[in-house]
1. Given the options Leu15, Leu38, Leu67, name the one that is modelled with pLDDT of 75 or more, among the aliphatic types (A, V, I, L, M) and loosely packed, with under 10 Cβ neighbours inside 10 Å.
2. Identify all residues within segment 40-61 that are closer than 20 Å to Ser12 by Cβ and in a loop (DSSP other than H, G, I, E, B); write none if there are none.
3. Does Asn30 meet the test of being modelled with pLDDT under 90 and either assigned to a helix (DSSP H, G or I) or among the hydroxyl-bearing types (Ser, Thr, Tyr) (or both)?
4. Filter segment 44-64 for residues that are of a type outside the set (Asp, Glu), surrounded by 14 or more Cβ atoms within 10 Å (Cβ to Cβ) and touching a Lys or Arg at 6+ places or on another chain (Cβ under 9 Å) and give the result.
Amino acid sequence: MNIVSANNNVTSGQLIIGNFSSASALLLQNLISEYKELNPNVLVVVKEGHYDEIQKWLHDDQIDIALFNRRTYSKGYFN
């Protein structure tokens, strides 16, 4: 996320989230709404993909945060 004006306590920029489609439908809708209320100057972008794509996006710094399930993490998929 880019901070444009830290002196004025104004946060703006972009937050890019990588996730799989079921997470968008089930988890992100309410969280993004609440986040946008608290941070109205931050553009939230959601990129949906498969685990391989999400892993590549993280590696290539194309996303700021990723959502995935515990099983995938415990198997070392993102290490």
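The values are calculated or read from the model by the stated rules, or taken from the named source; none is laboratory data. Just so it is clear, the model here is predicted, and its values are computed rather than measured. Cβ sites come from the backbone with ideal geometry, for glycine too, and all protein chains shown count toward neighbours.
1. Values: Leu15 fails: loosely packed, with under 10 Cβ neighbours inside 10 Å; Leu67 fails: loosely packed, with under 10 Cβ neighbours inside 10 Å.
Sole residue among the options that is modelled with pLDDT of 75 or more, among the aliphatic types (A, V, I, L, M) and loosely packed, with under 10 Cβ neighbours inside 10 Å: Leu38.
2. Pro40, Asn41, Asp61
3. Working: modelled with pLDDT under 90: yes; either assigned to a helix (DSSP H, G or I) or among the hydroxyl-bearing types (Ser, Thr, Tyr) (or both): yes.
Yes, satisfied.
4. Val44, Gly49, Ile54, Trp57, Ile63
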